[in-house]
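A short worksheet on the structure shown next.
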Amino acid sequence: MNAQTPLLSGDDLTRHYDIAGKRFGEKMSVKALQGVSFELDQGETLAVVGESGCGKSTLARLITMIEPPTAGSFRIGDTVVDKETGKPGKELRAAVQIVFQDPYSSLNPRQKIGTILAEPLVINHPEISRADREKKARNMLSLVGLRPEHYDRYPHMFSGGQRQRIAVARALMMNPKVLVLDEPVSALDLSVQAQILNLLVDLQDEFGLAYLFISHDLSVVRHMADRVMVMYLGRPVEYGERDEIFNNPQHPYTKALLSATPIADPEHPKHRLKLEGELPSPINPPPGCAFHPRCPIAIDRCTAERPELAPVAGRDVSCWRAGEDV
Amino acid sequence: MSLLEIENLTVEFQTAQGQFRAVDGVSLSVDQGELMAIVGESGSGKSVSMLALMGLLPWTATITADRLEFDGIDLVRQSARDRRKVIGKDMAMIFQEPMTSLNPCFTVGFQITEALKTHLGGSRATRRARAVELLNLVGLPEPERRLNAFPHQLSGGMNQRVMIAIAIACRPKLLIADEPTTALDVTIQAQILDLLLELREKEGMALILITHDMGVVAETAERVSVQYAGQKVEEQTVRDLFRDPHHPYTSALLSALPERAQGKKLPTLPGVVPGLFDRPEGCLFAPRCAHAFDLCHKRQADQAGAEDGFALCHTPLRKGVPASLEGQVRS
Amino acid sequence: MTDTTAVSKATASTNSQAPVGPLREFWAYFSENKGAVAGLIFFMVLVVVALLADFIAPHDPIEQYRDHFLVPPVWVDGGSWDFLLGTDAVGRDILSRLMFGARYSLFIGCIVVSGAAVVGIAIGLFAGYLGGWVDTVAMRVMDILLSYPPLLLALVFVAILGPGLENAIVAIAVIQLPHYVRLTRASVMSERSRDYVTSARVAGAGTLRLVTVTILPNCLAPIIVQAALSFSTAILDAAALGFLGMGAQPPLPEWGTMLAEAREFILRAWWVVTFPGVAILVTVLAINLMGDGLRDALDPKLKRS
């Protein structure tokens, strides 16, 4: 793998789900993800931002190979994964691991921490002796800031923050190159959130990990991300460097998201770009641009034609009116 | 006279592992039409104290208070029957999870008119008209059609609006909102918060907002009460709190905000909130406090004065400097 | 700032309480239910009696005392201290037969429950996890089994296989199968979308490992309760089959068989019928009480912490 190839890259990733319709025999398609392309290098963090139904969890499931894409592909190093790829082999599996949002359901309640940590090795490297496995697991435990006596305890004896550390430790057992973090701190208290974010930064520096950081919390995203992809109803609407997006958002949805996020500063002027209406259903997306029913600057063209991602002001935006002075 | 007076409220739970003190001597007073935010993390007892006020705790809870008065009525001595006349009518509460707070077996219209029927009576027609009026007030489009909808047919944001409609049906003097927007998306959160503020203006009701989100506090609250491990550790106006927090916990909480980060690493608080098994003697925050000294580990602090934000601390911070070190030469 | 932790922790004294282990916590909930505790005590006594029957029973259960047909219990006129609960129509001591009979009841309960549970859990695990046609086929077969009156079905099996204790056990295990399948399937379906299962999939676990190592331990609570309650059903069903002459055959001192033999003596010698009946009643009651207590103690929603 040469220096030019990014560690992880997506190419028009698409995922549809077929579900049964209301009438007998009717089939409907939920377009959960459409046309997602991105690049991620070693030691970088790409944040995927959006609200319910934007497809960020679907993206996580595709990248961790829990489900195959319906169309499009992604590349881990030199290996391409698309809908033809069958069950991933050991090396491919090891390359991408995941940390989930809810620390209370992501650890098996009936297994001790030691077992939880050693399990990926048991499954993929049965040749490693039990003693070596235990050694590696204990090492990992201290690496994430837990104490040796925690090895023999059950998950319910730990706090949310500690469980999240265990989840991170488990994800690292296979020495992955890419870590998918699905809202890793959303369920944690503020003070604990800071600890976990620091841990993630340390681990990224030490192991050169690439993070696919999924979050709806823009203040956390601003702190952690190098690049940001804003998603709405399964499609990317804006994609670029973090500072470009936060300082000069181009897409009206990004602007609305930023303005809706509360700022922890009472002196900051409250400028609310109020978005009317509800998030649309992914089964029946609006025609043209999916955002147009809620968009404050929508024009006729938006109801008829769907905009593609195009470079404007140093990033990619999918809006007919991007770059205009509105 | 203030609308709500809570003095020295303590709530203990009987658990399989022993008695657990979830709320420890909390005092609070809210005036007519005021907007108070109660901030804290898990284990702070912020929800439990309000649930105790509303009488919504299970039988395993023991509630004691020096004073628990709402609108002049003594809630401690009241019978359950008299209490039901007040709860839901003059004092209402909305909760975090709109999907599970509404009864999935009944339509939205039924649940709103149920609240009206219990407290205000009136004919079926007047109740229905009032229900439509309420749904309009909370910004739900096509209210007549929605009356016959079930909660699972509506989105999270819409369900939360319905809950608000039920809560304000009888024009309460006090509305308690327990993390009303935590389970909602950011853009919907903004709509709901704006709605709550708008309703407060229109109806002149007091609002107690329980949250862990400092951003929400900064944008909506007038006064803030900070709770830690069941105790109230500070109370100030929102501007003063963010500008000059007096309790070390508040200060640590604010510096943990990603928005205030200087560089890649955030300043963190070591340790965890004390639970049932590791309750320290003396100040509950002392094991994690950067400024703790001997006295802090031995004896709980008294509440400081108003100029120090009523901080529960032996050495409240003044502009970031602990009072005990003020005036000392630092090397 | 982080350095002060060491100092703070050293000087801070705590009035801490050590967390209670899971067994003690279970006992705390279980012992609140007095009926459950009573049931447990009776059950343990029964187990002891069954195990030590060889030593504590006054007589051999199949020995017939020709001179002592239908002797009444000791407190009735004509009773004797040799035969505390009297004798039956062929002079066998009822007390001894009850004691040895406990063995059969417990044996039946254990084998039936283990057999039904093992097979039922296996079917339920795969049906619940794989879904699709596996699930459909398995559930339709279970639906068919459930749509027959259970005892009738057991009779049919025994009629085909021939009367006897072993065949009765197989028949009863088969009719209990659907309960375990349904319970396991329901648990698996609710657990399989949880994050820890997905986490195991991402780590590379195959279906077999997922189902047995990851999901199964989390489904055990309702299965344990079902096992406890169906223990008593098994005893009742075996007794019913025995009563109908299709279960344990004489001279085995199985309680239901004892009832069958005593039918004609209901008016003449009430003790021959009553004591086996009471034994069945009290045992089943004790197990049901225990099962109720188990369910309350194992149900996480009822926990208070």
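None of the figures in this text is laboratory data; all of them are computed from the coordinates on show. The structure presented is a predicted model; accordingly, all values stated were derived computationally and were not measured. For neighbour counting, all protein chains shown are included, and Cβ atoms are generated from backbone atoms with ideal geometry for every residue, glycine included.
Odds and ends about this structure:
- Its Cα gyration tensor gives segment A:141-194 an equivalent ellipsoid, and the semi-axes of that ellipsoid, as √(5λ) in whole Å with the largest first, are 18, 17, 9.
- Note on C:ILE41 and C:TYR148: with the Förster distance fixed at 30 Å, the Cβ-Cβ geometry gives a FRET efficiency of about 0.20.
- Per-residue [θ]222 nm for chain A (sum of -39500 (n - 2.57) over DSSP H runs n ≥ 4, rounded to 500): -9000 deg cm²/dmol
- Global geometry of segment A:172-326, whether rounded, prolate or oblate, following the gyration tensor of its Cα atoms and the 1.5 cut on a/c: prolate
- In whole angstrom, segment A:29-77 maps to an equivalent ellipsoid with semi-axes of 19, 14, 9, each derived as √(5λ) from the alpha carbon gyration tensor and ordered largest first.
- In the protein assembly as shown, a dipole from Cβ-located charges (positive for Lys and Arg, negative for Asp and Glu) runs towards its positive end, and of C:VAL118, C:LEU165, C:VAL37 it is C:LEU165 whose Cα lies farthest in that direction.
- Neighbour-count order for A:TYR154, B:TYR249, fewest beta carbons within 10 angstrom listed first: A:TYR154, B:TYR249
- Extension gain (nm, one decimal) between A:ALA310 and A:THR79, 0.36 nm per residue minus Cα-Cα: 80.4 nm
- For segment A:56-117: relative contact order, % (alpha-carbon pairs under 8 angstrom, 6 or more apart): 23 percent
- Each peptide in C:244-250, C:256-262, C:191-197, C:46-52 was scored by the mean count of other Cβ atoms within 10 Å over its residues; highest first, the order is C:256-262, C:244-250, C:191-197, C:46-52.
- Cα point-scatterer Debye curve for segment B:163-278, base-10 log of I(q)/I(0) at q = 0.18, 0.20 Å⁻¹: -1.07, -1.21
- Measure of compaction for segment C:79-147 (Cα Rg per 2.2 N^0.38 Å): 2.00
- Summing charges over all other residues whose Cβ lies under 11 Å from the Cβ of B:ASP24, with Lys and Arg as +1 and Asp and Glu as -1, gives +2.
- Simple Cβ-charge dipole of chain A, Lys/Arg +1 and Asp/Glu -1, about Cα centre, in debye nearest 20: 1120 debye
- In order along segment C:81-98, the phi-based Karplus estimate (6.51 cos²θ - 1.76 cosθ + 1.60, θ = phi - 60°) of 3J(HN,Hα) comes to 6, 5, 10, 4, 10, x, 10, 9, 5, 10, x, 8, 5, 5, 4, 5, 5, 5 Hz; Gly and Pro are listed as x.
- Segment A:7-122 shape via C-alpha gyration tensor axes, a/c threshold 1.5: oblate
- Burial ordering of A:PHE100, C:PHE100, fewest other beta-carbon atoms within 10 Å first: C:PHE100, A:PHE100
- Overall, the ratio between the Cα radius of gyration of chain A and 2.2 N^0.38 Å, rounded to two decimals, is 1.06.
- Rg ratio (alpha-carbon, reference 2.2 N^0.38 Å) - segment C:196-289: 1.76
- Relative exposure of B:ARG299, C:ARG97, B:ARG127, judged by other C-beta atoms within 10 Å (fewest first): B:ARG299, B:ARG127, C:ARG97
- The charge dipole of segment B:1-103, taken about the Cα centre with unit charges on the Cβ atoms of Lys, Arg (+1) and Asp, Glu (-1), comes to about 440 debye, rounded to the nearest 20.
- For B:ILE38, the residues whose modelled amide H falls within less than 5 Å of its own, excluding neighbours fewer than 5 places apart on the same chain, are B:LEU209, B:ILE210, B:THR211, B:SER225.
- Calculated [θ] (222 nm, deg cm²/dmol) that DSSP helices of n ≥ 4 give over chain B, each run adding -39,500 (n - 2.57): -9000 deg cm²/dmol
- C:VAL74 sits among other residues whose Cβ lies under 14 Å from its own Cβ, and their net charge, with Lys and Arg +1 and Asp and Glu -1, is -3.
- Calculated diffusion of the protein assembly as shown, Stokes-Einstein form, Kirkwood radius summed over Cα pairs, 4 °C and 1.567 mPa s, µm²/s: 40 µm²/s
- Only helices enter the 222 nm calculation for chain C: every DSSP H run of n ≥ 4 contributes -39,500 (n - 2.57), and dividing by all residues gives -21500 deg cm²/dmol, rounded to 500.
- Pair A:LYS112, A:PHE207: separation of 7 Å Cα→Cβ label points (nm): 2.3 nm
- Percentage relative contact order, segment A:129-281, counting C-alpha pairs under 8 Å, at least six apart: 14 percent
- In sequence order, calculated HN-Hα J values of segment B:206-223 (Karplus, 6.51, -1.76, 1.60; Hz; x Gly/Pro): 7, 9, 10, 10, 9, 7, 10, 8, 5, x, 4, 4, 4, 8, 10, 7, 9, 10
- Across C:PRO251, C:PRO276, C:PRO217, mean-square fluctuation computed from a Gaussian network of chain C (C-alpha pairs under 10 Å connected) peaks at C:PRO217.
- Furthest towards positive pole of dipole, C:LEU294, C:VAL74, C:ILE215, structure part chain C, Cβ charges: C:ILE215
- In chain B, the DSSP beta bridges split such that about 60 percent are antiparallel, to the nearest 5.
- Ranking A:ALA304, A:ILE123, A:SER159 by Cα position along the charge dipole of the protein assembly as shown, where only Lys, Arg, Asp and Glu carry charges on their C-beta atoms, puts A:ALA304 farthest toward the positive end.
- Cα gyration tensor category, rounded, prolate or oblate, for segment A:77-124 with a/c compared to 1.5: prolate
- Cα-based values for segment A:199-260, radius of gyration first and Dmax second, are 12.6, 38 Å.
- Plainly put, segment B:242-285 has a radius of gyration that is 1.05 times its Kirkwood radius, both from alpha-carbon atoms, as the Rg/Rh ratio.
- Share antiparallel - DSSP beta bridges, chain A, percent rounded to 5: 60 percent
- Share antiparallel - DSSP beta bridges, the protein assembly as shown, percent rounded to 5: 60 percent
- Segment C:241-303-segment B:201-276 distance, computed between alpha-carbon centres (Å): 65 Å
- Given +1 at the Cβ of Lys and Arg, -1 at the Cβ of Asp and Glu and no other charges, the dipole of segment B:280-331 around its Cα centre is 180 debye to the nearest 20.
- For segment C:149-157, the Karplus equation 6.51 cos²θ - 1.76 cosθ + 1.60, evaluated at θ = phi - 60°, returns couplings of x, x, 5, 4, 5, 4, 4, 4, 4 Hz by residue, with Gly and Pro reported as x.
- Counting lysine pairs in chain A whose alpha carbons fall under 23 angstrom apart, excluding pairs fewer than 8 residues apart on the same chain, gives 19.
- Annotation for A:PHE246 and C:CYS110: the two label points, set 7 Å from Cα along the Cα-Cβ direction, are 6.7 nm apart.
- Normalising the average separation of contacting C-alpha pairs (under 8 angstrom, six or more residues apart) by the number of residues puts the relative contact order of chain C at 24 percent.
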